[in-house]
Structures are given as C-alpha cells and as structure tokens.
1. Is it the case, given these coordinates, that Ile397 is within 16 Å of Leu365 (Cβ to Cβ) and surrounded by 11 or more Cβ atoms within 10 Å (Cβ to Cβ)?
2. Please enumerate the residues belonging to region 411-421 that are surrounded by fewer than 16 Cβ atoms within 10 Å (Cβ to Cβ) and touching a residue at least 40 places away in the same chain (Cβ under 8 Å).
3. Against the conditions (1) over 30 Å from Arg243 (Cα atoms); (2) in a helix (DSSP H, G or I), where does Ile338 fall short? Just the number, please.
4. Is it true that some residue in region 52-73 is on the phi > 0 side of the Ramachandran plot and not polar (S, T, N, Q)?
5. Of Arg113, Arg122, which residue is at pLDDT 95 or above and more than 15 Å from the chain's Cα centre (by Cα)?
6. List pairs: first residue in region 107-124 and more than 17 Å from Trp12 (Cβ to Cβ), second residue buried (at least 22 other Cβ atoms within 10 Å of the Cβ) and among the aromatic types (Phe, Trp, Tyr) anywhere in the structure, Cβ distance under 6 angstrom, at least six positions apart or on different chains.
7. I want to confirm something. Restricting to region 152-184 and keeping residues that are part of a helix (DSSP H, G or I) and of a type in the set (Gly, Ala, Ser), which single residue is nearest to the chain's Cα centre (by Cα)?
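The values are calculated or read from the model by the stated rules, or taken from the named source; none is laboratory data. Computed from a predicted structure; not experimentally measured. Cβ atoms come from the backbone with ideal geometry, glycine included; neighbour counts cover every protein chain shown.
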Amino acid sequence: MPLRRYSRPEMWKLWSEEEKFRTWAKVEWAVAKAQEEMGIIPKVGLSDSLAALLEDEDFWRDVPERVAERERIYDHDVLAFLSVLEESLGRGGNYLHFGMTSSDVVDTANALRMRKALLLVREELLRLAKALYDKAQRYKYSPVMGRTHGVFAQPTTFGLKFLGFYSEALRDLRRLDDAIESISYGKISGAVGNYALNPPEVEERALALLGLKVEPVSTQVVPRDRFAHALNVLMLVGELLERLALEIRLSARTETGEMAEPFRRGQRGSSAMPHKRNPIRSERLTGIARLLRGWALAENESVALWHERDISHSSVERFTLADATTTLHYALGLATSIVEGLVVNEDRARENMERFGDFYLSSVLLLLLVRKGVSRDVAYEWVKEVSQRAHDRGTSIYEEAMRHSEIRNFLTEEELRRGLSVDFNRYVDVIFSRFGPPS
C-alpha cells in the first residue's frame, strides 16, 4: 500500500486488502452465476451464497488476516483466499473457481479496481482543470514577462500561462478516458487462454455481469500493455503537475515574487528562519511526478513475459497500480488547492517588466529594419548592439536606436516611435476563443 500521508480515504479503501478480496469474490460470483445459467455446474446455490457474502460487511473485516495465515502455509495467495472462502460457503462451495486459473480472478479484479481508480483520478483532474480555467479567465489580460531559458523574452499574460496548463489538462482528460476504456477488459479463458475448461460463453456472461469487455486474445493473463498504457497516462498527468509546480516555484523566488502558494494562518516555513514562505506543496508535486515516472517504467518492463506468462509482473503490480493511482489522486487534490489559493502579484509582475527597460522590443525593431530593406544578418547585429546598451544603461531601446547612425539612416523618429508601439497581447481573445469551460 502507498503511504497513508499521500492518500485520500476513497482511494485508500479501494486498494485495501479487504477490498481486494471482496473484488476477487465478486469475480468468482460472476463466473459461478454464468456457469449455473449454462448448466456447467449444478444449481446448488453457489452464486447466491457468494452474493450474500459480498453484502456481509462483518465477514470481510477479518478475511485479510485469515488469508494471510493460510498463505504462510500455501505460499499462494489465491489458493489461501479460495480456502477461506470455500469454508464459508457451505453447500456448493466445492464448485468455487470451477475450471479457472488464478489470473482469471486477479487480472479481472485488477481491471475492476483500476477502472474505479482511474475514474477517481479523472474526477480530481476535472476539478483541477476547472480551477485552471477560472484562473485563466480571471487573469486573462494581466501582463507578465514571458521568459525563455529563464531570461526575459516578450510580454505575455498570466491568463495565457494558466490557459496553457488548462489545455494540457484537457488533453490528459482525453488520455484518461482512453486508458479507462483500455483497462476495462477481463479474461476467464483459463490457464493458457484457450478455454480448455470453460467455454467462451462463460467469459462473455461473467464479464457482462461485471461490466467489463472480453479480452480478444488472452494468454494466462490480460496483455500487460493495457496496464502499462494506464500507468503511462498517469505519468503524463504527473508531468502536467510538475510543469505547473515548476512555474509556481520559479515565480515564487524572492527576486521574482510574481506568484506565491497559499500560506495558512499558523503555517510555518522553516525551523530556523521565521520569514520563509517556501513553495513546499509545489515541491511535493515535483517529487511525486518523479515517482510516477518510476512506477510507469516498472510497468512498462512488465509487458514482456515468458511465453503465456510468468509472474515477474505480479510483484511489480502489487506496488505500481495502487501506488500510482493513490498518490496521483492525492497530488491532483493538492494541486487544485494550490491553484485555487494561488496569490498572483500583478503589481510585482508589472514592476519586473519595467525594471529593466524595454530591450525586449528587439524583435520588433529587427522586423522594422528588414521591412526597410536591411539584410536580416546586418539588422540583427545593429539591434543586438542597441538592445544590449539599453539593458546595460537602463535606457529605452528607442533612445539607443535613435543614437545608432546606421539605424537612423533607415528609420525616422516617428517610424521608430510608431513601430515600437506594439501590443504583444493583442491576440489574447483569439487564443481564448479556442477554449470553453471543462465538462
């Protein structure tokens, strides 16, 4: 199980040992029901007994402990589970797991739990998308310096920054929908997937009862690319969180001060320095993104198994499925709380833009000269000279261009003044028109 510290109750319960065994029993119930309907096993009440047990909350509380005791003897968790379950069923219990193999139960149950887990993740991602959209709308026209390589580039807006994250969240929602569809496959095809002991109709009926689709070609396992795909999508959602967290962390630096995480009353930032307001939540998101990459890699390594299967994937998935979904579910909730409470310092952003002058108009000046017939290479050298002087002297690029004799040969004072009056964010509305609120 993942760390309780980085989990939320609904996901923690989903991946509990109690819920695991209950889901295994649900698969056994669906198979027994199908087999009874088809006359493969006698109608001795097995499916009814299993259905009753599934509703008995008291029964499941000590099942994990009882299974663990048997597993110490059997060294096989599914056989230990079946032993505990059979002795609780009474008449008809001997038909439990009829013609099935362990992976029929485990893989189908994992598909059920992964689908629920991914749906919970999707709910949280949708909440984050809504928070990002709201922030984008609120700061749609609020100017801030855009940076490349960490260096001033050209003005943009806070709204466009948030809209970029929102756009990525929408892509991740579509990826999650695809992963949910892809993971919703089970198998009741037997030891090597050839239906030797149960006909395909049993699989079809049982999986229909569980709301899953039939794996078209299974071996002893559902192909692991389905699980790898899901983990890779979770990893990509983590990349969104890391990119968002990095933007906040960089903007929260003392010398920048354009954004700040919410800071609760009573919260403390440092054991030694009371003045600190460290972006610890964003840093936590960054660390979680690293874990998600590791879990995805481990699952990718589990796609290629020996022949019809080995169990090298089994130990991996006892960690990856629960850890990745639980931790990301928590991280998405954390990210939403950060975005909703994020402090955006518009005044500081404006100060930062003005502090170093307007040397960022270099690209505009370059194009003005090119339009006048100056070769791009020569114009570039001239503009580099005046923009660097403007930066070093704290003057405007207009002033330095006026002092540059070669530039003055091509541009008048009025042409310079008019040409450098550019609204870098004049197409913000056009960009925003490509998006609507999340649904």
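1. yes
2. The answer is Glu415, and nothing else.
3. Evaluating Ile338 over (1) over 30 Å from Arg243 (Cα atoms); (2) in a helix (DSSP H, G or I) leaves (1) as the failure.
4. No, region 52-73 contains no residue that is on the phi > 0 side of the Ramachandran plot and not polar (S, T, N, Q).
5. None of the others qualify; the one that does is Arg113.
6. As it stands, the answer is Ala109/Trp24, since those pairs meet every condition given.
7. Among residues in region 152-184 that are part of a helix (DSSP H, G or I) and of a type in the set (Gly, Ala, Ser), the one nearest to the chain's Cα centre (by Cα) is Ala169.
Quick grid of which residues meet (1) among the small types (Gly, Ala, Ser); (2) assigned to a helix (DSSP H, G or I); (3) surrounded by fewer than 22 Cβ atoms within 10 Å (Cβ to Cβ):
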position	(1), (2), (3)
Phe319	no, yes, yes
Gly333	yes, yes, yes
Asp347	no, yes, yes
Asn352	no, yes, yes
Leu361	no, yes, no
Leu369	no, yes, no
